[in-house]
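Note sheet for the following structure.
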Amino acid sequence: MENKRIAIWLVCSVAALAACILFAADEPEKVIDKTRVIVGTFDSRAVTLAFGTSPQQAEFLRRYPEYVAPRDGATPEEIEQWKINLKKRQFRQGFGRGDVSEFLDMIRDEIPKIAEKTGVDVIVSKWDIEYQSPKVKLVDITEALIQPFKPTEERIEIIRDVMEAPAATEKEIREREKREGIY
């Protein structure tokens, strides 16, 4: 009697499993898509702070002379505007959500290796994400991305502290500029 029960239970289990497989095959839209895109994100403020003391800085200043000084022959007004624009850009990059693509250009050849090492398919600034589908997995790769800039341990601690604080919003930045007379 016991063997008969076991046999019936096995037959029913196999039939139920077969039904599940057939049901899933008949309705592919109900099968969960396990394909995921893994997106590496980074905090642009960290990139700015790591770059600020990096060995790549000298090459950067050679490539982008507009960061070093205003153009030759600039009028006093143009020089003053250059200073204001530089101050605005540096504050946005260091404390806001400013573009750091020029800094990343200095390690462009290393970025694919960083992506492979961290297992991500795409790398974007964490400030550029407006929406993500459930198929997307976000992974913070900031620390891996700043390593080519060779930050010191002390600098890494500063970067970690900054990353814990929220980035300045555009509204906060404009209010600061108004307070300090930066137009």
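Derivation of every value follows stated rules applied to the coordinates shown; laboratory data play no part. What you are looking at is a predicted structure, and each value in this text was computed from that prediction instead of being measured. All Cβ positions, even for glycine, are placed from backbone atoms using ideal geometry, and neighbour counts span all protein chains on display.
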Practice problem: Check the range 51-60 and report whether any residue there is in contact (Cβ under 8 Å) with a residue 24 or more places away in the chain, touching a strand residue (DSSP E or B) at 6+ places or on another chain (Cβ under 6 Å), among the polar types (S, T, N, Q) and closer than 23 Å to LYS150 by Cα. | Solution: no
Quiz prompt | Among (1) assigned to a helix (DSSP H, G or I); (2) in contact (Cβ under 8 Å) with a residue 40 or more places away in the chain, the one test that GLN132 misses | solution = (1)
Quiz item: From the residues in the range 90-129 that are among the aliphatic types (A, V, I, L, M) and part of a loop (DSSP other than H, G, I, E, B), which one is surrounded by the fewest Cβ atoms within 10 Å (Cβ to Cβ)?
Solution: ILE129
Self-check item: Failed item in (1) farther than 24 Å from ILE159 by Cα; (2) in contact with a Gly (Cβ under 8 Å, 6 or more places away or on another chain), with THR75 passing the rest
Solution: (2)
